[in-house]
1. Tabulate in residue order the Karplus-calculated ³J(HN,Hα) for segment 11-16, using 6.51 cos²θ - 1.76 cosθ + 1.60 with θ = phi - 60°, rounded to whole Hz; enter x for Gly and Pro.
2. Select from segment 8-101 those trypsin sites (Lys or Arg not before Pro) which occupy a DSSP coil region and have at most 10 other Cβ atoms within 10 Å, ordered by residue number.
3. Residue by residue through segment 65-73, which ³J(HN,Hα) values in whole Hz follow from phi under the Karplus form 6.51 cos²θ - 1.76 cosθ + 1.60 (θ = phi - 60°), with glycine and proline marked x?
4. Under the Karplus relation 6.51 cos²θ - 1.76 cosθ + 1.60, θ = phi - 60°, what is the ordered set of whole-Hz ³J(HN,Hα) values for segment 45-54, x standing for Gly and Pro?
5. From the Cα gyration tensor of segment 1-70, with a ≥ b ≥ c the square roots of its eigenvalues, which class applies: rounded if a/c is under 1.5, or else prolate if a/b is larger than b/c, or else oblate?
6. What part of the accessible area of the chain, given as a whole %, is carbon or sulfur when the probe is 1.4 angstrom?
7. Considering the chain, what Rg and Dmax in Å follow from its alpha-carbon atoms?
8. Mind checking the dipole of segment 6-144: about its Cα centre, +1 per Lys or Arg Cβ, -1 per Asp or Glu Cβ, Debye to the nearest 20?
Amino acid sequence: TAVRAEAARLGLRVAAKKDSQEICFVPSGEHPEFVGRRAALPGGAIRDRQGRELGRHAGIHRFTIGQRKGLGLAAGVPLYVVDIDAESAVVTVGTRQDLERDALMASRVNWIGGDVPCAPIRAHARIRYRHREAAATIMPIGSDRARVVFDQPQSAITPGQAVAFLDRGCVGR
């Protein structure tokens with residue numbers, strides 16, 4: 001608020017500009033082209049869960065787990081990206097139900113609340129900023145890893161994504 005007020009006072013035209021959650025120097029919608037110009041990422045196959053090739057793609061950097069639009073496929077049912085294998089450049093698609101997972105492995109866990117728990121704990125976990133917290137069991141593995149098992153399957157758990165969990169004021173991330 002203070003920065004916007006100062007920008008308005010200085011007469012800067014960006015004072016009322018909407019906040020951006022994107023890479024500020026890349027025009028909206030041009031992220032795949034930006035990455036493609038800087039990284040030699042090969043194209044590859046788009047396969048269904050049974051391994052049948054349904055199409056080809058121009059690089060895995062154009063896909064995210066859970067993505068439905070822009071797949072370039074025609075199918076009788078909506079298809080979603082359910083897996084991306086960077087090594088083989090294979091993108092796997094499936095149904096919405098295929099996105100559901102009941103567990104994840106967290107690494108680089110920061111036990112903000114203090115010591116590493118010595119036993120599994122019940123908590124709520126959030127896998128995305130706008131995701132609802134979901135009941136789970138958190139099982140510490142060493143000092144910086146944990147297996148998170150959800151009571152109910154969660155959609156589009158993605159490798160590399162942050163997970164936060166909360167237990168009676170003791171927060172881990």
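1. Values, residue by residue: x, 6, 5, 8, 4, 9 Hz.
2. Working: sites: 9, 13, 17, 18, 37, 38, 47, 49, 52, 56, 62, 68, 69, 96, 101; in loops: 17, 18, 49, 52, 68, 69.
Sparse-neighbourhood loop trypsin sites (Lys or Arg not before Pro): 17, 18, 52, 69.
3. Result, rounded to whole Hz: 4, x, 5, 10, 7, x, 7, x, 10.
4. Those phi angles translate into 8, 10, 10, 8, 5, 8, x, 6, 6, 9 Hz.
5. Working: a/c = 5.26, a/b = 2.91, b/c = 1.81.
Verdict is prolate for segment 1-70.
6. In the chain, the share of accessible area belonging to carbon and sulfur is 51 percent.
7. 20.3, 60
8. About 540 debye.
The values are calculated or read from the model by the stated rules, or taken from the named source; none is laboratory data. Keep in mind the model is a prediction, meaning the values are calculated, not measured. We place every Cβ from the backbone using ideal geometry, glycine too, and count neighbours over all the protein chains shown. These area figures cover heavy atoms from the full protein model, side chains too; ligands, DNA and RNA do not enter into them. Shrake-Rupley method; radii C 1.70, N 1.55, O 1.52, S 1.80 Å.
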